[in-house]
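Written out below as structure tokens is the structure these notes cover.
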Amino acid sequence: MNIEKEVKEKWGKTEAYSEYAEKVKGYSKEKFGEINAGLDDILGEFADCMKNGFSSDSAEAKALVKKLQDYITENYYTCTDEILSGLGQMYVNDERFKNNIDKHADGTAEFISEAIKEYSN
């Protein structure tokens, strides 16, 4: 199943998906590329944070979680704490996400997931 179809099946009836569809309908291919690259940059910042010895409950990691949440809200849909928590779980439970995130450094997906848990406490 292609990813767009899967996303629509899982979340197509949610408010977040409706907001996403409305927000991105005017995005050009280039704009989408820029936004997705920006998100990937943030994921890379988590890898750097981890490689620099910061723990997932550090102020640095929590600041990155806030940056991630704000970025998603600004560019895709309102990323509530509940949605953020779900993303954190998906980053480690869905191999496609995990592998994509871990290309920055092994363990990045787990680090982000743990940082989201700490941020939400």
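The values are calculated or read from the model by the stated rules, or taken from the named source; none is laboratory data. Source: prediction; values computed, not measured. Positions of Cβ are backbone-derived with ideal geometry, glycine not excepted, and every protein chain shown enters the neighbour counts. Only protein heavy atoms, including side chains, enter the accessible area calculation; ligands, DNA and RNA are left aside. Shrake-Rupley method; radii C 1.70, N 1.55, O 1.52, S 1.80 Å.
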Checking Y77, Y71 in turn, the sole residue that is surrounded by fewer than 18 Cβ atoms within 10 Å (Cβ to Cβ) and of a type in the set (F, W, Y) turns out to be Y71
Looking at D102, D48, D94, can you tell me which residue is out of contact with any helix residue (DSSP H, G or I) (no Cβ under 6 Å at 6 or more places or on another chain), over 24 Å from T14 (Cα atoms) and not basic (K, R)? D48
List, please: which pairs have Cβ atoms under 9 Å, are six or more places apart or on different chains, and start with a residue in segment 105-119 that is farther than 13 Å from K51 by Cα and in contact (Cβ under 8 Å) with a residue 60 or more places away in the chain and end with one that is assigned to a loop (DSSP other than H, G, I, E, B) and open to solvent by less than 20 Å² (accessible area, probe 1.4 Å)? A115/S58; E118/S58
Could you please give the count of residues in segment 41-68 that are open to solvent by less than 20 Å² (accessible area, probe 1.4 Å), of a type in the set (G, A, S) and touching a residue at least 60 places away in the same chain (Cβ under 8 Å)? 2
Any idea which residue in segment 81-104 is farthest from the chain's Cα centre (by Cα), counting only those that are outside any helix (DSSP H, G or I) and free of Cβ contacts under 8 Å to residues at least 60 places away in the same chain? K103
Residues of segment 80-108 satisfying the condition of being open to solvent by less than 60 Å² (accessible area, probe 1.4 Å) and aromatic (F, W, Y): Y91
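Table: residues versus (1) in contact with a Ser or Thr (Cβ under 8 Å, 6 or more places away or on another chain); (2) within 25 Å of K23 (Cα to Cα).
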residue: V65; (1), (2): no, yes
residue: D70; (1), (2): no, yes
residue: E82; (1), (2): no, yes
residue: S85; (1), (2): yes, yes
residue: M90; (1), (2): no, yes
residue: N93; (1), (2): no, no
residue: D102; (1), (2): yes, no
residue: A115; (1), (2): yes, no
residue: N121; (1), (2): no, no
